[in-house]
1. Between helix 317-326 and the chain, what is the angle of the helix's C-alpha long axis to the longest principal axis, kept within 0 to 90° and rounded to the nearest 10?
2. Using a Förster distance of 30 Å, how high is the FRET efficiency between residue 1 and residue 352, based on the Cβ-Cβ distance and rounded to 0.05?
3. At R0 = 22 Å, how high is the FRET efficiency between residue 100 and residue 148 if r is their beta carbon distance? Nearest 0.05 is fine.
4. Quote the Stokes-Einstein diffusion coefficient, in whole µm² s⁻¹, for the chain, based on the Kirkwood radius over alpha carbon pairs, a temperature of 4 °C and a viscosity of 1.567 mPa s.
5. Cut-off is 10 Å between beta-carbons; in what order do 45, 215 appear when sorted fewest neighbours first?
6. Once both axes come from the Cα atoms, what is the angle between helix 468-483 and the longest principal axis of the chain, in degrees from 0 to 90, rounded to 10?
7. With axes computed from alpha carbons, what is the tilt in degrees of helix 140-153 against the longest principal axis of the chain, rounded to the nearest 10 within 0 to 90?
8. Under the 0.36 nm per residue contour assumption, what length would be gained going from the current alpha-carbon distance of residue 306 and residue 182 to full extension?
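Every number here is computed from the coordinates shown, using simple stated rules; none is lab data. It should be emphasised that the depicted structure is a prediction, and the values quoted were computed from it without experimental measurement. Glycine also receives a Cβ, built like all others from the backbone with ideal geometry; neighbour counts cover every protein chain displayed.
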Ligand code: MN
């Protein structure tokens, strides 16, 4: 099974995408490294810059065949030849709709031009793959005439383009079975994903005898895109044991294309999306830890990825315990329960808990005394543009409840002043106060570090949370627990 990658041509037709020659070369090198058979490097007629980029790729000494796209215009074919490619992907409209409405020509004229262009490519030393544009909406009889005409002129491969993605697997199968039986050259399939069937149709084409499949990395392309290379390669291998490209480099290739194009794959995109091998729910993580295939179709290593656990409101304790261990901390059951509670608290706010946040939570939990002598029962802070920041706190210290309010330079200062008023007679003072935002965004987890002094004794403590005022108070109370 031959793989033609058209990331650099059809993929580049993704709305808003334009790749510089340097980026095209980087992607071409990686495509060659993973082993695609044909790289459609661009459309030489587009511009002088595009021609130059194709020429550089064609002269890079890659193992893959390098192709340029061309319309049935001698100037297009000449531009491809000038770019030194060894293959021309010649696209000729095949459906009545495209021939009459787009090209405003007759079928006879199309056949004549097609033959002329193939002969020109041949005389220039390039092979030709003849593409039937809108082939999926062309009667099979017409397709046979279209292709036979091209093969007589010298085309050594032909391709049915499902230009607007309207085929289904049954229709694809029927069409390919008929074409493959009658034609003596490999028949390729070029699938678009408008109905989400590009991969299913490509598989149907393969089962019916197609010899080559067209695809793009990450499924880039016009509208809903083309058949994704990574999915085609993996499913051919998974279901039929067909070897095409080097699967273990697929993720690397996908990331490179994502980085260079700036077009992000959706999180739930098969195989290469951020969540494709990420597990959060406690039940799944527990299963994965016992045996990975419980909740994974294939191992992430198969395409060069690693498994990831994410932490949030669905997290279970086993996953957290494992991640904490990977971060260097062995948690006992009591600590684990506290960590799980804090993670779920953040998760309930619609957040995924990052490693940095988990580390802060671990630090927070491990630093907490088991039976605090002073604890926060209630707190209200009021602030605004024309009010004096005021805070009221209710704390229990040595089993006695105290209520106090304070004002200050902002709500944190007001709350800390109220606490100070409660513990003031103990001679405790705040000597240092610092806040770090662990993540970006206004819902960031903050890490508050404080130093407290009582006589010549100084302690430092810290707390983490999403509310800066409450977290500050908790950091101070934790320090006070260490002092009294
Ligand atoms: Mn296309």
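1. 90
2. Values: r = 39 Å, r/R0 = 1.29.
Computed FRET efficiency for residue 1 and residue 352: 0.20.
3. Numbers: r = 21 Å, r/R0 = 0.97.
FRET efficiency, residue 100 to residue 148: 0.55.
4. Details: Rh = 26.8 Å.
D = 48 µm²/s.
5. Numbers: 45 19, 215 32.
So the ranking, lowest neighbour count to highest, is 45, 215.
6. 50
7. Helix 140-153 sits at roughly 70 degrees to that axis.
8. On the way: separation 124, 0.36 × 124 = 44.64 nm, distance 4.56 nm.
Taking 0.36 nm per residue and subtracting the Cα distance, the gain is 40.1 nm.
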